[in-house]
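Only one structure is covered here, and it is reproduced in the block below.
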Amino acid sequence: MNIPNTSLPRIVIIGGGFAGIALAKSLKNQAVQVVLLDKNNYHTFQPLLYQVATGGLEDGSIAYPLRKVIQEYDNFYFRLTNVQEIDTQNQKISTEIGELQYDYLVFATGAKTNYFGNQEIERNSMAMKNIPQALNIRSLILENFEQAVLTTDIAERESLINFVLVGGGPTGVELAGALAEMKKAILQKDYPDLDISKMHINLIQSGDRILNTMSEKSSVAAEKFLKSLGVRIWKNVRVKNYNGRTVTTNSELTFESATVIWTAGVQGALVQGLQAESLIEKVERIRVNEFSQIKGYENLFAIGDVACMETADFPQGHPMMAQPALQQGKVLGENIIKLIQKKPMKPFEYNDKGSMATIGRNKAVVDLPNCHFDGVFAWFVWMFVHLFSLIGFKNKVIVFMSWVYNYIRFDRESRLIIRPFKKRSFTTFTSDEL
């Protein structure tokens, strides 16, 4: 890897997401050598991926170079690679570009889409956990409409403009609202030769309410907002399969759709090499103690979505969101320095600052620790928080100007098929695949 040998303790961070960046900033200019590894050379602001997928923002406006984050930090190194395995006995990691010894190792690998073992759904549906996937969704949406104006088969045309979003959490709700606004203000202008009223947006939730991690007031308000935009919400419905054309559920309800976007669950992104007792199999998260140390190890840590810190208030671990990741990263940086200096570490305590989701223009819901509000004011709060949280002044300016333009013109100019996405046609499936 061409990392200089040093007498300083070497801290290796796997992952440049919210947790990894917060940790790196906390270790800035300390008496340590830090090596940051990631399969991408940029940090992704995931809360705005849905806007890239629906043409509201360009992908570069929610990405920030990792090398630029650390360029003024002493003894910091970045390497672009995939980590394949760790050897805890010899304190060594194996990657695509070579091996590296560590003194302290931190897993900040984040999360990936959880298909709950259904390989056919995984093969035929779309996920949205990173920028390439968001761009694939954008291309597929626009390609489907281009195909819809060409076909003379009514059933195929309706399938091409029928969207199924599986999962009623923040991602599914925000994506449904964005698609509904595209239908209302943009697609009918772009495709005047299509009957856009035939376009349906179906949001499927396995539970009895959407946004079930937020307050009941937020769930009710969000459902009201979505229905006012024409989104069809199906609650207490569980998707069983999707073969590329037909969505089957646990009831007689089926959907004919060329586009299914899966937002129904996430799981930790693990690296091979940890002891089995350190892992939680169903969600693939790593058990950690109150200092973010992986159970069974003293110099291995996990933070962010991949970590599960079980407490009285959070028996299943902290929510897999940005705020816990940011806070864990900051505290861990301080604790590693204390550990090196043989000082007592500080246990992590999560400061719940609330949660929020936007449903569209002038529509959002916000839950703070002691209050709830929704509507226009909540929408402005949502915009301010997300704008402030973006990394990089340029990104903040670009996103702000895009939002202002979109609001005034009611437009989304990033609806471009830059990288076409070729999805297998359901007409080419074999009997074995079905």
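The values are calculated or read from the model by the stated rules, or taken from the named source; none is laboratory data. Values in this document were obtained by computation on a predicted structure and should not be read as measured data. When we count neighbours, we look across all protein chains shown, and the Cβ atoms used for this are built from the backbone with ideal geometry, even at glycine. Please note that ligands, DNA and RNA were not included when accessible areas were found on the heavy atoms of the full protein model with its side chains. Shrake-Rupley method; radii C 1.70, N 1.55, O 1.52, S 1.80 Å.
Tabulated values for the structure
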| item | result |
| --- | --- |
| Within the range 309-328, considering residues that are touching a residue at least 60 places away in the same chain (Cβ under 8 Å) and of a type in the set (A, V, I, L, M, F, W, C), the one surrounded by the most Cβ atoms within 10 Å (Cβ to Cβ) | ALA325 |
| Any hit, the range 377-385, residues being within 21 Å of GLY168 (Cα to Cα) and touching a Lys or Arg at 6+ places or on another chain (Cβ under 7 Å) | yes |
| Hey, GLY354 in contact with a Pro (Cβ under 8 Å, 6 or more places away or on another chain), surrounded by 15 or more Cβ atoms within 10 Å (Cβ to Cβ), modelled with pLDDT under 95 and not β-branched (Val, Ile, Thr) or not | yes |
| Sole exception among (1) touching a strand residue (DSSP E or B) at 6+ places or on another chain (Cβ under 6 Å); (2) hydroxyl-bearing (Ser, Thr, Tyr); (3) open to solvent by 30 Å² or more (accessible area, probe 1.4 Å) for SER292, by number | (3) |
| Listing of helices (runs of 4 or more DSSP H) fully contained in the range 109-169 that carry 2 or more residues being closer than 19 Å to LEU49 by Cβ | 131-148 |
| Among (1) within 30 Å of TYR350 (Cβ to Cβ); (2) open to solvent by 50 Å² or more (accessible area, probe 1.4 Å) - the single one ILE21 does not satisfy | (2) |
| Whichever residue in the range 73-86 is charged (D, E, K, R) and in contact with a strand residue (DSSP E or B) (Cβ under 7 Å, 6 or more places away or on another chain) and, among such residues, is least open to solvent (accessible area, probe 1.4 Å) | ARG79 |
| Condition check for ILE201: among the β-branched types (Val, Ile, Thr), touching a residue at least 12 places away in the same chain (Cβ under 8 Å), crowded, with 21+ Cβ neighbours inside 10 Å and not in a strand (DSSP E or B) | no |
| Residues (hydrophobic (A, V, I, L, M, F, W, C) and over 19 Å from ILE261 (Cα atoms)) located in the range 209-228 | MET214, VAL220, ALA221, ALA222, PHE225 |
| Residues of the range 92-126 that turn out to be among the aromatic types (Phe, Trp, Tyr) and farther than 30 Å from LEU140 by Cβ, as a count | 3 |
| Selection count, the range 96-123, where residues are more than 13 Å from GLY265 (Cα to Cα) and either surrounded by 21 or more Cβ atoms within 10 Å (Cβ to Cβ) or not polar (S, T, N, Q) (or both) | 16 |
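Here is a yes/no grid of residues against (1) open to solvent by 50 Å² or more (accessible area, probe 1.4 Å); (2) without any contact (Cβ under 8 Å) to a residue 60 or more places away in the chain:
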site	(1), (2)
PHE225	no, no
VAL231	no, yes
TRP234	yes, yes
LEU253	no, yes
VAL260	no, no
